Amino acid sequence: MNRRLYKSAESRMISGVCGGIAEYFSLDPTLIRLGWVVFCALGGSGILAYIIAAIIIPEPPAY
């Protein structure tokens, strides 16, 4: 099974990073977003991690 991590095209709020991670792990995107908010609030490095993920994670291929 060859799974790839892509930004989400359906559950996109800002750039689709959290939606893409949720689709990859078959979770609810709201849980990923809440976890990301907690990550940002505790250390502040979550914002930098989100920006890096938005740059690195590719868009889904157009079929």
Positions within the range 21-41 being small (Gly, Ala, Ser) and open to solvent by less than 30 Å² (accessible area, probe 1.4 Å), in sequence order: ALA22
Can you name the residue in the range 6-20 that is touching a residue at least 40 places away in the same chain (Cβ under 8 Å) and open to solvent by 60 Å² or more (accessible area, probe 1.4 Å) and, of all such residues, is nearest to ILE51 (Cα to Cα)? ILE14
Given (1) touching a helix residue (DSSP H, G or I) at 6+ places or on another chain (Cβ under 8 Å); (2) modelled with pLDDT under 85, ALA53 misses just (2)
Can you pull out the residues in the range 21-63 that are of a type in the set (Ser, Thr, Tyr) and in contact (Cβ under 8 Å) with a residue 12 or more places away in the chain? TYR24, TYR50
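The values are calculated or read from the model by the stated rules, or taken from the named source; none is laboratory data. Model, not experiment: these values are computed from the prediction. Please note: Cβ atoms are built from the backbone with ideal geometry, for glycine as well, and neighbour counts cover all protein chains shown. We work out accessible area using only protein heavy atoms, side chains counted, and drop any ligands, DNA or RNA first. Shrake-Rupley method; radii C 1.70, N 1.55, O 1.52, S 1.80 Å.
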